[in-house]
C-alpha cells in the first residue's frame, strides 16, 4: 500500500497513476497486429516510464520544499507525466476502452477550456463517438444514424488541447496566488511597521491631532487599536464567502490567501478612514466620545470588501474558466485554449 505523505494533489496523482497503470496492463494484454507490435511495445514502455516518474515525484521528499511550492515545479512535473501517459494510451488501447474515457474528457473540456469554436468542435466530435451503434433519429421515416468509427486522432487532439488549456489555467492560478501572497504580506508588514513606529513615536501618524476627538486609551496604542478593529471589520466580510459552493482546486488554491487578505485590507482601510475623518475629508463622528472613532474603524474595515471583491471575482474566473462568457472568433488553438 502506497503511503501518501501530504497534500491532496499527491493523492490525486498516485490515484491516477494506479488507474493508468491498470489501463496500460490491459492494453499490453490485448493482442495487436504483428506490424504494430513493436510500435505498441515502445508506446507502452514510454507510458510505464511516465507513470513511474509521476509516482516518484508525488511521493518523494523534496529538499527545497518552499521553492517547489512557490514555483509549482513538483506539481507540474508529476501531472505532465500523468497527462503524457494518458495521451499515449489513446493510440494503443482497445476502441471500447478509449470510448469509455470520452465522457470524462468531455467534462474536463467543459471545466478547463473557454467557450470557443474549437471547444465546440471537440464537444461535437466526441459526443458523436458516444452514440449507440444504431440510433434511430426519426422513427416515422425509419432513418438510422450509425455511430461513426472511433477517430483516435480526434480524441488525441481534444486531449492535447485540454491539457494545454489546463496547463495554462494552473500557471495563471499559481501566478495569481503568488501575487496575492506578496500583496497580503506587504500590506500586513506596512500596518505592523506603522503600529510599532507609532508606539515608539506617537507624533508619527497621530490619530489625535489638536482639537479633534481621540480614540480611547494611550496615544501610543491608537494606531494598533484602530488597525485591529479595522481587521475585525474586514473579517466580517468572510461571511460572504461562506455562501460560495465552488470546490477549490487541489493545487494553487488561492482561497486561504483571499481569507488573509480581507482582515489585512480591513486594517488598512480602517486606518485610512479614521485619518480622513480626522483630516475633515469625511463627516466627523457624532457624539462626544472618542469611541465613535472605533466604530468608524470597524465600518471602514468592513468596506474593504468593496476592494477585495474584485480579487474574489478574478480568483473565481481562474478556478472555473468555463464560467467565462468570452468566446474566441479565431481558430488559433493557442489563443482559444488560454483561460481568462
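A few comments on the model shown:
- For the stretch 273-289, the set of residues classified as modelled with pLDDT of 80 or more and under 11 Å from residue 214 (Cα atoms) consists of 274 only.
- Helices (runs of 4 or more DSSP H) wholly inside the stretch 1-111 that include at least 3 residues being out of contact with any strand residue (DSSP E or B) (no Cβ under 6 Å at 6 or more places or on another chain) and free of Cβ contacts under 8 Å to residues at least 12 places away in the same chain: 8-29, 34-59, 65-71
To keep it simple, each residue is scored yes or no on (1) modelled with pLDDT of 85 or more; (2) closer than 21 Å to residue 96 by Cβ.
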site	(1), (2)
119	yes, no
122	yes, yes
125	yes, yes
129	yes, yes
135	no, yes
142	no, no
147	no, yes
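- Residue within the stretch 324-332 that is under 30 Å from residue 122 (Cα atoms) and either at pLDDT 70 or above or outside any loop (DSSP other than H, G, I, E, B) (or both) present: yes
- Residue that is nearest to residue 90 (Cα to Cα) [pool: residues in the stretch 47-74 that are modelled with pLDDT of 85 or more and exposed (fewer than 14 other Cβ atoms within 10 Å of the Cβ)]: 49
The values are calculated or read from the model by the stated rules, or taken from the named source; none is laboratory data. It should be emphasised that the depicted structure is a prediction, and the values quoted were computed from it without experimental measurement. Using ideal geometry, Cβ is built from the backbone for each residue, glycine included, and neighbour counts are taken over all protein chains shown.
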